[in-house]
Amino acid sequence: MDCIVFDKTGTLTQGGEPEITDYEFLSRDGARAADEETIPGVLKRLEESSSHPIAKAAVSFCESRVARDVETRHIDEIAGKGMKGSFTTKTLQGQLVEALVGNEALMAEYKVDIPSEVIRTLGSWKTQGKSIAVVAARAIPDSQLPLSGTWSLSAIFAASNPLRPEASAVIEALQQRGIDVWMLSGDNPMTACAVGDMVGIARENIIAGVLPDQKAEKIKYLQRSLKKSKSRSMFGRKHEYTDRRATVAMVGDGINDSPALTVADVGIAVTDYCQITHIELFINEMG
């Protein structure tokens, strides 16, 4: 084995549900109290439809707060970016509320303006290895359909999922064997690099911002571009390469990462209860 690629969330970080650690509600019109009850209601309805770990954390957060009930009209999942839905609520006199929750790429796609001070806050959370979610909304009376109003930034959130305690030691042991270690993540590059720094994966070996259906293609790219080692590099000694392509393993979630696990030469699925130290034992058995 020449290269082993780790997924980030639930693989290098602990399985289970992340926790919302930081949040800010934002308002342009001064109606902060209403927003802080309406936005959690909308966010809960949106994220209930997603199986993503950050979505589950958002639902738990909303359930812990006072949230106004809203009626769902329609919800769509935007793969790798977030959720979009439309709702009605009595607090807005029956107006239709359209909401987005997801990453910054989703906000850019819908031309949601993110002020510089908010960008700084998000950047601070990312450097701590936290995943971020951004919420935007617009309220339009039914008489103005189809929707054409301006999106307004409504809230920002940061979620943290602790590292697996064995992650750094396992990665170091693999690197000492001369195995090239990479990370593949759908999270933003800043957060992914912060996690990589914590566990000892070089930033040039981190591929971030990858949509779910792109992970398998990234594994194929590594298989095409990396070369098999002639001799193992131990404790800093350089590799000697052959002309043959590298043998690439992928470690990730058995459901979300299944296409990439299938494409890899060796696919290793971990669960919430599996320690990645077992990977060392597996490689020992392979020789």
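Read-outs: derived from the displayed coordinates by stated rules, not from any lab. Predicted, not measured: the structure shown is a model, and the values here were computed from it. Neighbour counts run over all protein chains shown; Cβ positions are idealised from the backbone, glycine included.
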Relative exposure of VAL210, VAL251, judged by other C-beta atoms within 10 Å (fewest first): VAL210, VAL251
- prompt: If only Cα atoms are counted, what is the Rg of the range 49-105, and what is its Dmax, in Å?
  reply: 12.2, 33
field: Low-density loop cleavage sites - trypsin sites (Lys or Arg not before Pro) in the range 74-128, where at most 15 other Cβ are within 10 Å (DSSP)
entry: LYS111
- request: Decide, for the range 164-228, between rounded, prolate and oblate: order the square roots of the alpha carbon gyration tensor eigenvalues as a ≥ b ≥ c, take rounded if a/c falls under 1.5, and otherwise choose prolate if a/b is larger than b/c, else oblate.
  value: oblate
query: Given the pairs LYS56/LYS218; LYS84/LYS126; LYS44/LYS218; LYS126/LYS215; LYS56/LYS227; LYS111/LYS220, which are separated by over 30 angstrom at their Cα positions?
result: LYS44/LYS218; LYS56/LYS227; LYS111/LYS220
message: Whole-Hz ³J(HN,Hα) for each residue in the range 196-204, computed from phi via Karplus 6.51 cos²θ - 1.76 cosθ + 1.60 with θ = phi - 60°, x for glycine and proline: what do you get?
response: x, 4, 5, 9, x, 9, 4, 4, 6
